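S.K.: One structure is given below, represented as structure tokens, and several questions about it will come after.
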Amino acid sequence: MTSHTGFVLASYGAAIIVLAALIGWIFIDQRSQRQALQELESRGVRRRSETKMDNAS
Amino acid sequence: MGALFLRDVRLGLRAGGGALVGILFFLAVIAVVPFGVGPDLKLLSRIGAAMLWIGALLATLLGLDRLFQADRDDGSLDLLIMASDRHMLPLTILVKCLAHWTVSVLPLVIASPLLGLFMNMEPVAIGATALTLLVGTPAITLIGAVGAAVAVSLPRGGLLVSVIILPLTIPVLIFGVSASYGAVEDPAPFLAPFLILAAITLFFAVLGPIAAAAALKSSAD
Amino acid sequence: MGALFLRDVRLGLRAGGGALVGILFFLAVIAVVPFGVGPDLKLLSRIGAAMLWIGALLATLLGLDRLFQADRDDGSLDLLIMASDRHMLPLTILVKCLAHWTVSVLPLVIASPLLGLFMNMEPVAIGATALTLLVGTPAITLIGAVGAAVAVSLPRGGLLVSVIILPLTIPVLIFGVSASYGAVEDPAPFLAPFLILAAITLFFAVLGPIAAAAALKSSAD
Amino acid sequence: MMSDAVSKTGRWIDLANPTRFLSLAGGILPWLGGLTVLVLAIGFWMSMNAPDDYQQGSTVKIMFIHVPFAWLSMMCYTIMSIAALGTLVWRHPLADVSAKAAAPIGAVFTALALITGSLWGKPMWGTWWVWDARLTSVFVLFLMYLGIITLTRAMDDPAKSAKATAILTLVGFINIPIIKFSVDWWNTLHQPASVLRMGGSTLDPSYLKPLLVMAIGFTLLFFTLHLMAMRNEIWRRRVTAMRRVAARSADRGTVS
Amino acid sequence: MRLIAENLGGERGGELLFSGLHFAVSSGEALMVTGPNGSGKSTLLRIIAGLLVQAEGMLRLEGAPAAFEGLAAAAHYLGHLNAMKPVLSVDENLHFWQSFNGRGQYSIAEALERVSLGEIGHLPFGYLSTGQKRRVSIARLLVSDRPVWLLDEPTAGLDKASETQFTGLMRGHLTSGGIIVAATHLPLGLEGSTELALGAAA
Amino acid sequence: MRLIAENLGGERGGELLFSGLHFAVSSGEALMVTGPNGSGKSTLLRIIAGLLVQAEGMLRLEGAPAAFEGLAAAAHYLGHLNAMKPVLSVDENLHFWQSFNGRGQYSIAEALERVSLGEIGHLPFGYLSTGQKRRVSIARLLVSDRPVWLLDEPTAGLDKASETQFTGLMRGHLTSGGIIVAATHLPLGLEGSTELALGAAA
Ligand code: HEM
Ligand SMILES: Nc1ncnc2c1ncn2[C@@H]1O[C@H](COP(=O)(O)OP(=O)(O)OP(=O)(O)O)[C@@H](O)[C@H]1O
Ligand SMILES: Nc1ncnc2c1ncn2[C@@H]1O[C@H](COP(=O)(O)OP(=O)(O)OP(=O)(O)O)[C@@H](O)[C@H]1O
Ligand SMILES: [Mg+2]
Ligand SMILES: [Mg+2]
């Protein structure tokens, strides 16, 4: 029975590691996209739809 | 439509030597397997049908990625899509698939009995395998058309197309092989899987061209 | 030359969807086999090496016919040939072959141990197969390059090409597979077929590009 | 007839404006994330305290994660297929974003189902892997996830890859019933359905409860991650669009 | 027959190239689309051909003969690519397009005669020179039964004599009630055609 | 540096297209090859580029800098096809040809600036319009180190402004001691260039 605990630990461990990697990747991606957006906005670039709306108003 | 079929068959015969590539690739598969399995003739005859099916499946993949790409590269695809009010695009695609199958796969189906002999298969098994190949391989081409249409704008989509369609062809393979076995082994039925195979082919004869047409339409730019 | 290698690798990666595709393709091929042959692990482990080699052959062949054709269609080939006083044409071809091999075949060689596990092969057999693949598959690319070059040079299509090329790849396949088996089965030798395989690769590394260069030069028109 | 389609697209953009989606997601996400952590913690505690099975010993604990992962791998593909329909039929602008964001998450859950299944199979069946129908079809599902991911990455124009991927996803949906019913169609090693089946569950409540809590927890986790990935994808598209506009307007010497 | 565009706008890669275009071309009329490189001429033609979807506005063909259901079915697009297979002979290529598109005014032999390529029908298309290839594509227009011609720089690669000859062919098409929309950098020599100038870009 | 042809003859498919051509082009000079479609202009250029073998006669480059061993190595051929990969970006394409051909007078950014495509280096080549594609090919000439330019209808698809710009670039190349041989239907605006008219054919 005890020999099987290894398998249980391994599967829980694998699940935690893989999920942590996924969550980490999503957070890193989120940070880089936010940074890029902020940088572009600070340079005064706008999306086309925004400029159109501005022109209309 | 007849004109399109004729053109594609001509192109296939003249330009690619598609027919021979398929058969030769098939031969290569058949030549290698005995090395793995050893000279055990009984075993060979047992996996014969499976090998013929796997060979046919893989040989169909060769050249399939160019099904629409060649037409796109020279501008024909634009005109084929534009004509879709007169000739329904799915029909056009069906005809192209048929031409591809006739040139690249049919020779291989015809050659399969010969290769069955190499694999020491029984006559009944050979006949059954050839029959299932005849009925089942069009489904592979038709599924492949979807992959080819999806990847049409990628200049070197060859491997990608195969990756996309191989998982989808598995049911065809399962029922093809089990029908082939059903013909020789007693408890296993032949007719049931064979009919399912035919149904799969018919199903993809409808679904494949429609899906491929949708993909092609969205690819035009 | 480095630039050419880089360009072709980039093209292969970008257009086909990345290095992952080679591995995925292989995974798909391997996943298909048990459906045909049945889930018998003993049988699978016996045909494992043969399947790995067939998958590698297929992956090499897919897209190889476009090796020079793509460059010819967009006019690059003219410029590559014109530069032959500075960059020897056989060398250019060798680099192109190398790039094709790196993109389409190498990932698959690297993944082969993993697939060996799936096929339930023994560790020694897995190692031996990976080694023979590493040594042997370049020969297939190089032989294929000759075929691709001849095909480019025949404006009316090269029915002959496949007939010439594929039979040449069969010896590579046979020696590769028998070396893989030699490593595990006792009476069969490993070293002899392995050395022959290496010799074939070296031989075609010289002959292939030279023959292809000759064919390409005569193809320009 | 073309113009009809265009005006329809316009209407849908108004209905599901990505900007509105972003603010909505921003409001929901903290709550959803908190709930996920809570439920997963409870589920984890319950599964640790579940009794050992008389047949399977402590390995039965693997079930509490294996089964949710296996379910989610299929659910994620189903969501992607619905999103594909959304792209093709209703031309919903968020559908493509949803499908593209879901694919990597689904691939991860499928991989985890395979890994935990293998780790369970070794003590139970004595082998890591068999080519049995269910295992192979889950493996094929994994391949299809990867194929879809590579396809979305291979085409750089999102508008173009959206339809192609949608069509492929829909055609590949055939695999889901194959996975679900493979155990009934071919007799295999794998456990037949015991939780989700006609005529009620056959599982003992002491296992069923933690399993259900874990399943809910992982489902919540999936939705949290999916929302976050969708938000990232929308931002990524904005960045590309803005970069392009910046390049073009610099080209004409009129920086807007 | 009348090709009408209202408030038409076209985009590429998310960027609007032109918008608010209004034009109407009736039977026997030609519209010349001009503008610098990258101004969206080809994009406009592909939108009319139904190969791209417009970003905004309406496009329709009024009073087309019953045989032509939609605009795309009535139109024949001559793009930069010739849509011919190099390994097939000129005759085989034209024969295919003729039976696929529906038989037009001329037979293949007549059409080849009209572009002064009478004797080369048996050659593989790949053996022709650039200008000859283009002329075969023009012959494709003649053998197909399509009233609306969409021409994208049709005279690129043609010599002087073929250019005048092509002007004559276009005139013939217009007199027999056809419509022509052509994108071009060079004057095509069609008097009385309207010009649509697309804005300056890159 | 001097490109000399003596008694040159070219054939295609076993048929002699031209024969007995004599010409000599020195540094700073341009030769315009004219003639109707199918008269063999492209054939002549491909013979000079070493891509076809002449049927008769002699062709040589005298006094080339040591770096250029043969005529083919000194020549840059701009054919009908652009020799660019649609999936690679403009920069990547040019970068490849630059390192393959040897670095020329201009950097990639400068060359793109010179053809007024300064800001699109990052776009995939396949996204460009016809004329933009052609201009990138012209930029390829500028980034490569080749004194002899062989141009086959270089201005096909260019708008008016780009045509004049290209004339300026050719002039620059001539002033810096280059040689140009161009096949063309349209006058390229290079005063003082000699013309070689090939006979009429199909
Ligand atoms: C790599 C190996 C495995 C894979 C890919 C896999 C896959 C799956 C899938 C897809 C399901 C969901 C089925 C459904 O909802 O109908 C599932 C459920 C389940 N699996 Fe596995 N499995 C694997 C190994 C195992 C092993 C070794 C065991 C235990 C001996 C096991 C026990 C179960 C159980 C008990 C369920 C729940 C069935 C239900 O209640 O519906 N699995 N598995
Ligand atoms: N497939 C594409 N994807 C994204 N953008 C594109 C694509 N094709 C063209 N474009 C862009 O759209 C714009 C217009 O292109 P278009 O081909 O319509 O121009 P054009 O007026 O025909 O120019 P030319 O005179 O050079 O033929 C160009 O700026 C080009 O970069
Ligand atoms: N690959 C080929 N094989 C055989 N004959 C060819 C081939 N390419 C061209 N020809 C023939 O050679 C002749 C000259 O072709 P070439 O391309 O040199 O003409 P060109 O003067 O450049 O014409 P254009 O103005 O149309 O470009 C043509 O009659 C053509 O049919
Ligand atoms: Mg254009
Ligand atoms: Mg020419």
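The values are calculated or read from the model by the stated rules, or taken from the named source; none is laboratory data. Here the structure is a predicted model, which means the values were calculated and not measured. In this analysis, Cβ positions are derived from the backbone assuming ideal geometry, glycine residues included, and neighbour counts consider all displayed protein chains. In case anyone asks, the SASA skips ligands and DNA or RNA and just uses the protein heavy atoms, side chains included. Shrake-Rupley method; radii C 1.70, N 1.55, O 1.52, S 1.80 Å.
S.K.: Quick one: label points 7 angstrom along Cα→Cβ at C:Leu117, distances to the other copies in nm, smallest first?
M.R.: In nanometres, ordered from closest: 4.5.
S.K.: Using a Förster distance of 45 Å, how high is the FRET efficiency between E:Asp91 and B:Leu43, based on the Cβ-Cβ distance and rounded to 0.05? Intermediate values should be presented prior to the final figure.
M.R.: Values: r = 55 Å, r/R0 = 1.22.
About 0.25, to the nearest 0.05.
S.K.: Roll a 1.4 Å probe over the protein chains and send me the accessible area per residue for the protein assembly as shown in Å².
M.R.: On the way: 43340 Å² over 1159 residues.
Spelled out: the 1.4 Å probe surface of the protein assembly as shown, per residue, equals 37 Å².
S.K.: Out of the trypsin sites (Lys or Arg not before Pro) in region F:40-84, which ones are loop residues according to DSSP with at most 15 other C-beta atoms within 10 Å? Can you show the working numbers first?
M.R.: Details: sites: F:Lys41, F:Arg46, F:Arg60; in loops: none.
Those that pass, being in a loop and sparsely packed, number zero.
S.K.: Using protein heavy atoms only (no ligands, DNA or RNA), what is the total accessible area buried between C and B, 1.4 Å probe, nearest 100 Å²? Walk me through the numbers on the way to the answer.
M.R.: Values: alone 11240 and 10940 Å², together 18160 Å².
It comes to approximately 4000 Å² buried between C and B.
S.K.: For the peptides D:162-170, F:178-186, what is the packing order when you average, over each peptide's residues, the other Cβ atoms within 10 Å and list the highest mean first? It would help to have the intermediate numbers written out before the result.
M.R.: Working: D:162-170: 24.7, F:178-186: 22.2.
The most tightly packed comes first, giving D:162-170, F:178-186.
S.K.: Then there's this: If you count, for every residue in C:81-89, the Cβ atoms of partner chains within 10 Å of its Cβ, what is the mean? Intermediate values should be presented prior to the final figure.
M.R.: Numbers: counts 5, 15, 9, 4, 8, 9, 3, 0, 0.
Averaged over the peptide's residues, the number is 6.
S.K.: Heavy atoms of the protein only, probe of 1.4 Å, neighbouring chains included. What is the accessible area of B:Met51 in Å², nearest 10?
M.R.: The accessible area comes out at roughly 0 Å².
S.K.: Chain pair D, E: how much accessible area is buried, both chains summed, with a 1.4 Å probe, in Å² to 100?
M.R.: Numbers: alone 14680 and 9600 Å², together 23440 Å².
Between D and E, the summed buried area is about 800 Å².
S.K.: Count, for each residue of F:57-67, the Cβ atoms from other chains sitting within 10 Å of its Cβ, then give me the mean as a whole number. Present the calculation step by step, with values, prior to reporting the outcome.
M.R.: Working: counts 0, 0, 0, 0, 0, 0, 0, 0, 0, 0, 1.
Mean shielding by partner chains, rounded to a whole number: 0.
S.K.: Something else about it: So which GluC sites (Glu not before Pro) in region E:88-182 are both in a DSSP loop and have at most 16 other Cβ atoms within 10 Å of their Cβ? If you can, show how the numbers build up before the last one.
M.R.: Details: sites: E:Glu92, E:Glu110, E:Glu113, E:Glu119, E:Glu163; in loops: E:Glu119.
Passing both the DSSP loop test and the Cβ count: E:Glu119.
S.K.: How long are the semi-axes of the ellipsoid equivalent to chain C, from square roots of 5 times the Cα gyration tensor eigenvalues, in whole Å, largest first? The partial results should precede the final answer.
M.R.: Details: eigenvalues 214, 65, 45 Å².
Semi-axes, largest first: 33, 18, 15 Å.
S.K.: log10 I(q)/I(0), Debye, Cα-only region B:62-136, no solvent, q = 0.13, 0.27, 0.28 Å⁻¹?
M.R.: Log10 of I(q)/I(0), two decimals: -0.55, -1.19, -1.23.
S.K.: Here is the link list: D:Lys160/F:Lys85; B:Lys217/E:Lys133; E:Lys160/F:Lys160. Which ones come out longer than 21 Å on Cα distance?
M.R.: Details: D:Lys160/F:Lys85 19 Å; B:Lys217/E:Lys133 27 Å; E:Lys160/F:Lys160 18 Å.
Over 21 Å Cα-Cα: B:Lys217/E:Lys133.
S.K.: Please report the projected area of region D:52-165's Cα convex hull averaged over all directions, in nm². Could the numbers behind the result be given before it?
M.R.: Numbers: hull surface 30.9 nm².
Projected over every direction and averaged, the Cα hull of region D:52-165 covers 7.7 nm².
S.K.: Efficiency by 1/(1 + (r/R0)^6): what FRET value for D:Ser23 and F:Leu59, r their Cβ-Cβ distance, R0 = 60 Å, to the nearest 0.05? Please list the in-between numbers first.
M.R.: Numbers: r = 72 Å, r/R0 = 1.20.
The formula returns an efficiency of 0.25 here.
S.K.: Just to be sure I understand: if I project the alpha-carbon convex hull of region F:101-202 onto a plane and average over all orientations, what area do I get in nm²?
M.R.: Details: hull surface 30.7 nm².
Reported value for the Cα convex hull: 7.7 nm².
S.K.: Spin-label point model (7 Å from Cα, Cβ direction): what's the F:Ser107 to C:Leu134 distance in nm?
M.R.: 4.2
S.K.: On to the next question. Report, ordered by chain and residue number, the lysines lying within cross-link reach of D:Lys209, taken as a straight Cα distance under 28 Å and ignoring same-chain residues fewer than 8 apart.
M.R.: List returned: D:Lys61, D:Lys122, D:Lys180.
S.K.: Quote the total accessible area buried by chains A and D together, excluding ligands, DNA and RNA, probe 1.4 Å, nearest 100 Å². Mind dumping the intermediate values first?
M.R.: Numbers: alone 5540 and 14680 Å², together 17030 Å².
Using a 1.4 Å probe, the pair buries roughly 3200 Å².
S.K.: Could you list log10 I(q)/I(0) for region F:2-197 at q = 0.10 Å⁻¹, which the Debye formula gives when each Cα is one point scatterer?
M.R.: Cα-only, vacuum Debye calculation for region F:2-197: -0.40.
S.K.: Which residues of region E:104-136 show a drop of at least 30 Å² in accessible area when all protein chains are present, compared with their chain alone (probe radius 1.4 Å, heavy atoms only, ligands and nucleic acids excluded)?
M.R.: Residues losing area: E:Tyr127, E:Thr130, E:Gln132.
S.K.: If I compute solvent accessible area with a 1.4 Å probe over the protein chains, what percent of it on region E:2-197 is carbon and sulfur? Could the numbers behind the result be given before it?
M.R.: Details: 3520 of 6720 Å².
In region E:2-197, the share of accessible area belonging to carbon and sulfur is 52 percent.
S.K.: Something else: Scan region B:69-113 for trypsin sites (Lys or Arg not before Pro) in coil per DSSP, keeping those whose Cβ has at most 13 other Cβ atoms within 10 Å, and list them by number. Before the final figure, lay out each step's value.
M.R.: Working: sites: B:Arg72, B:Arg86, B:Lys96; in loops: B:Arg86.
Sites meeting the loop and neighbour criteria: none at all.
S.K.: Something else: Tally Lys and Arg at +1 and Asp and Glu at -1 over the other residues with C-beta under 13 Å from the C-beta of E:Ala67: what net charge comes out? Write down the numbers at each step before the final one.
M.R.: Numbers: positive: B:Arg86, E:Arg103, E:Arg146; negative: B:Asp85, E:Glu69, E:Asp145.
For residues surrounding E:Ala67, the net value is 0.
S.K.: May I pose another question? For D:Trp125 and C:Ser218, FRET efficiency with R0 = 45 Å and r from the beta-carbon atoms, rounded to 0.05?
M.R.: On the way: r = 61 Å, r/R0 = 1.36.
Efficiency for this residue pair is about 0.15.
S.K.: At B:Ala3, with labels set 7 Å past Cα in the Cβ direction, how many nm apart are the copies from this one, shortest first?
M.R.: So the distances to the same position in the other copies read 4.6 nm.
S.K.: Which distances, in nm and shortest first, link the C:Leu134 label point to the same label point in every other copy, taking 7 Å along Cα→Cβ?
M.R.: 4.9
S.K.: Additional query: Suppose each label sits 7 Å from its Cα in the direction of the beta carbon; what would the B:Val9-D:Ile42 distance come out to in nanometres?
M.R.: My value for the distance between the label points is 6.9 nm.
S.K.: A drop of at least 20 square angstrom in accessible area, chain alone versus all protein chains together, probe 1.4 Å. Which residues of region E:138-171 meet that?
M.R.: E:Arg146, E:Glu153, E:Gly157, E:Asp159, E:Lys160
S.K.: List the relative contact order of region B:145-209 as a percent without decimals, with contacts defined as Cα pairs under 8 Å and 6+ residues apart.
M.R.: Relative contact order of region B:145-209: 29 percent.
S.K.: Next question. Could you give the nm distance between label points at B:Leu195 and E:Leu123, where each point is 7 Å from its Cα heading toward the beta carbon?
M.R.: Taking the two extended label points, one gets 6.0 nm.
S.K.: Still on this model: Take the Cα atoms of the protein assembly as shown, find their three principal axes, and give me the spread along each one in whole Å, biggest first.
M.R.: Each principal axis gives a Cα extent; for the protein assembly as shown these are 100, 78, 61 Å.
S.K.: To the nearest 10 square angstrom, what accessible area does D:Asp157 show with a 1.4 Å probe?
M.R.: Approximately 40 Å² for this residue.
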